[in-house]
Amino acid sequence: MSREATPFDGHSVSAATRSFLSERHGLLIGGQWRPSLSGATLDSHDPATELHLATVASGGAADIDMAVTAAHRAFTGPWSRLKARERAGLLVRLARLLERDAEMFTELEILDNGMPRFIAGLTVSNCVEMFDYYASAILRIEGVTTTPPPHVTADAEALTYTLREPVGVVGLIVPWNVPVSTLTLKLAPALAAGCTVVVKPAEETPLSAIALGRLIQEAGFPDGVVNIVNGPGESAGAALSTHALIDKISFTGSTEVGRKIVQAAAGNLKKVSLELGGKSPVVVMPDADLELAGSGVSMATFFLQGQNCMAGTRIFAHASIHDELVARLEAFTGFFTLGHGLDPANNFGPLIGGAHAGRVLGHVDRALNDGATLVTGGAKLDRPGHFVPPTILTDVRTDMAVFRDEIFGPVMAIHRFETEDLEQIAAMANDSVYGLSGSVWTRSLSTAHKLVSRIRSGQVSINCHGAIATNIPFGGYKQSGWGREFGREGLDAYLETKAVTARL
Ligand code: NAD
């Protein structure tokens, strides 16, 4: 039965969040909040109620040009003169401000994206940790010293050392699925490295980037170091990725748009980092701990309603444990309580929008036509909001679209396999254009490590799935991306190396 949507589904939000939502928000360019040059705006909606949340300025190519110019001026001016310790101090101050406003950020992420409170809270506290982590990493940006061979300085005594320098002006283009977190894991290392940035948030989730922009100003970052331009991907995003004064684009999003970014970057051969889509394998062996796998495999697929790039959505279940595993996975769907993320009792939110929910359910319909069997789920809830419950499909063949395409929703596709030959199992797991994450479920250390070494993915876990943390590198093999984020490698992505040789 459907029921009326009420603001925030009857839940209250803090005064700070209410006040934030009631304002009209501009673009942050050169330290000023301003409307877009065209006057265009975009609206943000709560995916759990479908109600309007806020209106924000929507920039285009001309606004991007102003923002890039401001970032370029800041890079060659005040930002480059700041000492590393002063940059670290600003990042630490930003971390403390984010900690102070954590409740508002948590509520904005819940409202803008639809995520459950426990995930929103986790991502905000993780952002605080990332600003602190990269602030301390600034003091470890260091090069090497060596001596050049005699021919370089005609036998004179000499010394070579390397400097690590910022890449320059960077465009950060982010998706909607974990907005403030995806932004922070680019922004914190970019600023730590000494880059200036232009941020292009996703159209669906413009709010937390704006709130972060305010804190960046309060922390005292010089004007123009961080510029934020909400707006459409095809205009604002494309203008950023083609701009001649942008030295690097760091992009997280779909593989399809990733390809466009690479083409757009060719003009001035800007550097590109890509975190793209995935269709990660989850291999459950005959000797797996099925109690552990029942919950762990379920979370691998259904965490964040499956709207996460590392989701384990290709389940390979060995025939000997297939039926028991399916029964446990079906039973575990009872763990999920669907509803508005503001209610801490709910741990499963809506999908980002109606069109996306339609696409996800289209994949399920096609799979059923192709011969899959529906165990549970498969239909939208009859209530306001884009709620699609955890959906499990069995009898899935490896050639079906549901087993090959990224769905980005709560759809688990289970393929039964017979072999115990690890080469064959790895070949099945690797039969994908993607290579982002994956997991192996077994009690045998030997089986686990042999399979891990054969699976071509940026991250493979044993008896757990999707290790996302500040200090663990993350990124894709194959069409899942270029480069790594998080940890030391996340900082390296924003640094150049200059070799200096001195004849003494
Ligand atoms: P998307 O590719 O549609 O959009 C991502 C961003 O790119 C948005 O800000 C969008 O406005 C912008 N954009 C769109 N067209 C553009 C263009 N022509 N030029 C420049 N920018 C453009 O992705 P989405 O729907 O927002 O997010 C879902 C996708 O993101 C999934 O494929 C998912 O796997 C991927 N993702 C990957 C990771 C990872 O770390 N690998 C993390 C989260 C999401």
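Miscellaneous remarks
Okay, residues lined up against (1) in contact with a strand residue (DSSP E or B) (Cβ under 8 Å, 6 or more places away or on another chain); (2) at positive phi:
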{"residue": "V170", "(1), (2)": "yes, no"}
{"residue": "N177", "(1), (2)": "no, no"}
{"residue": "A192", "(1), (2)": "no, no"}
{"residue": "T205", "(1), (2)": "yes, no"}
{"residue": "G224", "(1), (2)": "yes, yes"}
{"residue": "A236", "(1), (2)": "yes, no"}
{"residue": "A239", "(1), (2)": "no, no"}
{"residue": "H243", "(1), (2)": "yes, no"}
{"residue": "S254", "(1), (2)": "no, no"}
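- Members of the range 233-242 found to be touching a residue at least 24 places away in the same chain (Cβ under 8 Å) and open to solvent by 10 Å² or more (accessible area, probe 1.4 Å), listed by number: G233, S235, A238, A239, T242
- Selection of strands (runs of 3 or more DSSP E) fully inside the range 210-286 by the criterion of at least 1 residues being near the ligand (Cβ under 9 Å from one of its atoms), more than 22 Å from H72 (Cβ to Cβ) and not basic (K, R) returns 248-252, 271-275.
- Residues of the range 40-62 classified as in a strand (DSSP E or B), open to solvent by less than 60 Å² (accessible area, probe 1.4 Å), of a type outside the set (A, V, I, L, M) and out of contact with any helix residue (DSSP H, G or I) (no Cβ under 6 Å at 6 or more places or on another chain), total: 1
- Subset of the range 180-221 [polar (S, T, N, Q) and closer than 19 Å to T470 by Cβ]: S181, T182, T184, S208
- Number of positions in the range 453-466 that are surrounded by fewer than 15 Cβ atoms within 10 Å (Cβ to Cβ) and either of a type in the set (S, T, Y) or outside the structural domain of A300 (by TED's automatic domain parsing) (or both): 1
- Within the range 166-194, the set of residues being out of contact with any Leu (no Cβ under 9 Å at 6 or more places or on another chain) and more than 10 Å from the ligand (Cβ to nearest atom) comprises just one member, V170.
- Which listed residue, of G312, G306, is within 16 Å of the ligand (Cβ to nearest atom), in contact (Cβ under 8 Å) with a residue 40 or more places away in the chain, touching a Phe, Trp or Tyr at 6+ places or on another chain (Cβ under 8 Å) and open to solvent by less than 10 Å² (accessible area, probe 1.4 Å): G306
- Yes/no for K450 being part of a strand (DSSP E or B), surrounded by fewer than 20 Cβ atoms within 10 Å (Cβ to Cβ) and basic (K, R): no
- Identity of the residue in the range 428-449, without any contact (Cβ under 8 Å) to a residue 40 or more places away in the chain and of a type in the set (A, V, I, L, M), that ends up farthest from A469 (Cα to Cα): L445
- Lone qualifier among L245, L269 - being closer than 28 Å to S80 by Cα, open to solvent by 10 Å² or more (accessible area, probe 1.4 Å) and free of Cβ contacts under 8 Å to residues at least 40 places away in the same chain: L269
- For the range 405-423, filtered to residues that are farther than 12 Å from T394 by Cβ and open to solvent by 50 Å² or more (accessible area, probe 1.4 Å), the residue that is nearest to the ligand (Cβ to nearest atom) is E406.
- Subset of the range 6-37 that is in a helix (DSSP H, G or I) and open to solvent by 70 Å² or more (accessible area, probe 1.4 Å) - its residue that is nearest to A67 (Cα to Cα): S22
- N347 satisfies every condition listed in (1) open to solvent by 20 Å² or more (accessible area, probe 1.4 Å); (2) over 25 Å from the mean Cα position of the chain (by Cα); (3) away from the ligand (no atom under 14 Å from the Cβ) except (2).
The values are calculated or read from the model by the stated rules, or taken from the named source; none is laboratory data. Keep in mind the model is a prediction, meaning the values are calculated, not measured. All Cβ positions, even for glycine, are placed from backbone atoms using ideal geometry, and neighbour counts span all protein chains on display. Side chains included, ligands, DNA and RNA excluded: accessible areas come from the protein's heavy atoms. Shrake-Rupley method; radii C 1.70, N 1.55, O 1.52, S 1.80 Å.
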